[in-house]
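Novice: I'd like to ask you about the structure that follows.
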Amino acid sequence: MKDAHNLYGIVMEILGIDVGGSGIKGAPVNVETAKLTADRHRIVTPEISTPDAISEVIVKLTQHFAWQGPIGCTFPAVVKQGIVKTAANIDKSWIGVNGEKLISSKTGCQTLLLNDADAAGFAEMEFGAGKGNNGIVIIHTFGTGIGSAIFVNGQLVPNTEFGRLEIRCKEAEQRASARNRTEEGLKWKTWTLRVNEFLAHMEALFWPDLFIIGGGVSRKHDKFLHLLKARADIVPAQLLNQAGIIGAAVAAGKKFGSDE
Ligand code: BGC
């Protein structure tokens, strides 16, 4: 393995892993430049996404990169002190599991586990669409669910679950996720009407200055961004499908960097 430290012994490279509803993706990231130092590797998320099944995939990713250094890993749920607290789009047996300990023990690598939208938010705020914005910035990721991260003066309030907001008697993520669009065969215009309703609720509560639209769907922003309406500015995420990997690595770099 390459030396993952800089001249001062601070960790420069971290394996970023993004656990999603359809794929588990990983790549080593230089946390100073936010660049991937090898091609991203993707393994399909096991249909039964239990702790054992997911951690086995993470072991395979570490083997793929012959990785022995620290890991930053996203998770599509509330994660507090390494412990998974919710499981909307992942096997329910995760609830109460210390995912950090599990992954560390299976891979032998020091691990930080964090909410997927929080990780994407970190990446966008440090290196992407939110860079330098000191106002109230809300990042939403549209994928299997709707993820959220809110930054005030660059500081994250972790584990917000704004996708749970109830709109027309349903959780927002049951109506306006990217999965809803594909599974219900919604036209972009119909889907964006639902997203606009969600953004309007968010605005009524938080009065953000900027919305960053992320998640897999952000790759196709030319199809729908012009249909989104809010008082705040709305911009697409810049790091696209690398935001989770980069954000997880950067967050782990901050946590583990100084004591390596
Ligand atoms: C989860 C969130 C997650 C989002 C995006 C939701 O179902 O509750 O924690 O950030 O999906 O994956």
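Novice: Can you find even one residue in region 135-150 that is farther than 22 Å from Q238 by Cα and within 16 Å of the ligand (Cβ to nearest atom)?
Specialist: At the first step, the residues of region 135-150 found to be farther than 22 Å from Q238 by Cα are none.
Looking through region 135-150, none of the residues is farther than 22 Å from Q238 by Cα and within 16 Å of the ligand (Cβ to nearest atom).
Let's see how each residue does on (1) more than 22 Å from A77 (Cα to Cα); (2) touching a Leu at 6+ places or on another chain (Cβ under 8 Å); (3) surrounded by 13 or more Cβ atoms within 10 Å (Cβ to Cβ):
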{"residue": "V157", "(1), (2), (3)": "no, no, no"}
{"residue": "Q174", "(1), (2), (3)": "no, no, yes"}
{"residue": "R181", "(1), (2), (3)": "no, no, yes"}
{"residue": "K187", "(1), (2), (3)": "yes, no, no"}
{"residue": "E197", "(1), (2), (3)": "yes, no, yes"}
{"residue": "A200", "(1), (2), (3)": "yes, no, yes"}
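Novice: Continuing with this model, one more query. Every residue in region 76-93 that is near the ligand (Cβ under 10 Å from one of its atoms) and either of a type outside the set (K, R) or more than 12 Å from N159 (Cα to Cα) (or both), please.
Specialist: P76, A77, V78, V79, V84, T86, A87, A88, N89, I90
Novice: How many residues are touching a helix residue (DSSP H, G or I) at 6+ places or on another chain (Cβ under 6 Å) and over 18 Å from R179 (Cβ atoms) when one looks only at region 190-210? Give the steps one after another, and end with the answer.
Specialist: Residues of region 190-210 that are touching a helix residue (DSSP H, G or I) at 6+ places or on another chain (Cβ under 6 Å), as a first pass: 191-192, 198.
From the residues that got through so far, the ones that are over 18 Å from R179 (Cβ atoms) too are none.
Residues meeting the conditions: 0.
Novice: I'd like the full set of residues that are surrounded by fewer than 24 Cβ atoms within 10 Å (Cβ to Cβ) and of a type outside the set (V, I, T), limited to region 100-125. Working first, answer last.
Specialist: Narrowing region 100-125 to residues surrounded by fewer than 24 Cβ atoms within 10 Å (Cβ to Cβ): 100-102, 104-110, 125.
Within region 100-125, E100, K101, L102, S104, S105, K106, G108, C109, Q110, M125 meet the criteria.
Novice: Within region 124-226, which helices (runs of 4 or more DSSP H) (wholly inside it) include 2 or more residues that are over 20 Å from D18 (Cβ atoms) and without any contact (Cβ under 8 Å) to a residue 24 or more places away in the chain? Steps first, please.
Specialist: Working: elements: 178-183, 188-206, 221-224.
Where helices (runs of 4 or more DSSP H) fall fully within region 124-226 and carry at least 2 residues being over 20 Å from D18 (Cβ atoms) and without any contact (Cβ under 8 Å) to a residue 24 or more places away in the chain, they are 178-183, 188-206.
Novice: Restricting the search to region 28-51, which residues are surrounded by 15 or more Cβ atoms within 10 Å (Cβ to Cβ) and under 19 Å from K255 (Cβ atoms)?
Specialist: The answer is P28, V29, N30, V31, A34.
Coordinate-derived values only; no laboratory data. All of these numbers come straight from a predicted model, not from anything done at the bench. Note that each Cβ is placed from the backbone with ideal geometry, even for glycine, and that neighbours are counted across all protein chains shown.
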